[in-house]
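**Student:** First, the structure itself, so that you have it in front of you.
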Amino acid sequence: MPELNGPPSPAARPQRSALLLFRFTTLEPYLWERLNHSYGEPTMPQALPIIHHPAYEVDIGPHVFPTLKYRLVLNKLLSEGTLRESDLIRPNPATDEQVGLVHNADYLQKLKTGRLNRIEEMTLEVPFSPELRDAMWLCAGGSILTGSKALQSGLAMHLGGGFHHAFPDHGEGFCLINDVAIAIRALQQSGEIERAMIVDCDVHHGNGTAAVFNDDPTVFTLSIHQERNYPAWKPPSDLDIGLDDRTGDEEYLSLLGQRIPEIIERHEPQLAFYLAGADPYEQDQLGGLSLSIEGLRRRDRIVCRQLRERDVPVALTLAGGYAIDQRDTVEIHCNTVREARNLA
């Protein structure tokens, strides 16, 4: 709603007395802004680009990885008014050429023909299907679009993504292809960015991402994770913060908050991908840290504010989340979107 330029007319505010209107004319201009917020309609927040596709929800049978969460998160945010339908943007699938910027030709051929062997599918830990493959191509396209939108508006949110365990030659840990790595390589190829950083706050080390960008000075990888957890082999990131079991809110947030400004100053990224995993939660089935729901929301606020205060665009992805009560995972993911909305 436009702000008031002067005292409201009697026609507009018939309930107010002439004396009150006279007194309003003596108010300083800055008080008119406060009056507008007091009596006007609520001002909608600036639009936050939200990337989502319903095909992210894939039937993988009874499984700890709840693909249903993508729909539940979206529905909750729409029903409470945090998001509007007009905020939503559907991505196109990544092209095979874009996926091939990260993954090698032999692996892509296996995925296109559906010829993963039993060991490869066991390593993946989700049943392979053409629907899963198509969803992951869409998800990679979604992360590319999220990065591009973040460059335009400062912040963009992907209601999906963060599949950080996929290596160039294989998938593992529920991750068929590495959408964030593909997005960074695609944005570099298109000339939209030269340098990027990844802030990976999933409870599990970002092993695939670390391997992809090993010895690449254009991409800084930060992983803060539970040390004694999957994966067993952790290729080194540029900065790994391996946490003890049951690490709680204050220690986690202190360590993370200290390091991000240093990385920005040293690396000068033009874009940051933030993997806002819900699985550091104290009641996550696949995690062993002890962050509370409020602590995770504070994490999101710290990461996004520190990046935006230093003019680094932020592309957010949901990453993991496997709480005993699925409603907790949904709430944690919704909080990430709420914090991004507050900063948009």
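The values are calculated or read from the model by the stated rules, or taken from the named source; none is laboratory data. In this text the structure is predicted, and so the values were computed from the model without any measurement. A quick note on method: Cβ atoms are made from the backbone with ideal geometry, for glycine too, and the neighbour counts reach across all protein chains shown. The accessibility values were calculated without ligands, DNA or RNA, using every heavy atom of the protein model including side chains. Shrake-Rupley method; radii C 1.70, N 1.55, O 1.52, S 1.80 Å.
**Student:** Please go through the stretch 214-312 and write out the chymotrypsin sites (Phe, Trp or Tyr not before Pro) that DSSP classes as loop and that have at most 13 other C-beta atoms within 10 Å.
**Tutor:** Those that pass, being in a loop and sparsely packed, are W233.
**Student:** Kirkwood-based Rg over Rh for the stretch 117-176 (C-alpha set), two decimals?
**Tutor:** My calculation puts Rg/Rh at 1.07.
**Student:** OK, next. Considering only the chain, what is the antiparallel percent among its DSSP beta bridges, to the nearest 5?
**Tutor:** Within the chain, antiparallel bridges account for around 10 percent of the total.
**Student:** Report Rg (one decimal) and Dmax (nearest whole number) for the chain, counting Cα atoms only, units Å.
**Tutor:** 22.5, 83
**Student:** Could you do me a favour and compute the accessible area per residue for the chain, 1.4 Å probe, result in Å²?
**Tutor:** Dividing the accessible area of the chain by its residue count gives 45 Å².
**Student:** Where the Cα atoms of the stretch 210-344 are projected onto their three principal axes, how long is each span, largest first, in whole Å?
**Tutor:** 39, 37, 24
**Student:** Given the options Q258, Q326, Q270, which has the most mean-square fluctuation in a GNM of the chain, springs set between C-alpha atoms less than 10 angstrom apart?
**Tutor:** Comparing Q258, Q326, Q270 in the GNM, the peak value goes to Q258.
**Student:** Over the stretch 102-168, what percent of the accessible surface lies on carbon and sulfur atoms, probe 1.4 Å?
**Tutor:** 52
**Student:** Straight-line reach from K69: which lysines have Cα under 26 Å away, leaving out those fewer than 8 places along the same chain?
**Tutor:** K149
**Student:** Out of the stretch 90-164, which trypsin sites (Lys or Arg not before Pro) are coil in DSSP terms and have no more than 10 other C-beta atoms within 10 Å?
**Tutor:** Of the trypsin sites (Lys or Arg not before Pro), the ones in loops of the stretch 90-164 whose Cβ has at most 10 other Cβ atoms within 10 Å are R115.
**Student:** Would you work out what percent of the accessible area of the stretch 293-334, with all protein chains in place, is carbon or sulfur (probe 1.4 Å)?
**Tutor:** 40
**Student:** Membrane-span-like helices in the chain: DSSP H runs reaching 30 Å or more (Cα, own axis), mean Kyte hydropathy at least -0.5?
**Tutor:** Helices passing the filter in the chain: 130-153.
**Student:** Could you please state how large a percent of the accessible area of the stretch 172-251 is carbon and sulfur, counting protein chains only and using a 1.4 Å probe?
**Tutor:** Carbon-and-sulfur percentage of accessible area, whole number: 46.
**Student:** Heads up, I need the accessible area for D106: 1.4 angstrom probe, whole protein in place, Å², nearest 10.
**Tutor:** Result for D106: roughly 120 Å² accessible.
**Student:** Given the C-alpha centroids of the stretch 225-286 and the stretch 158-188, what is the distance between them in whole angstrom?
**Tutor:** That distance is 18 Å.
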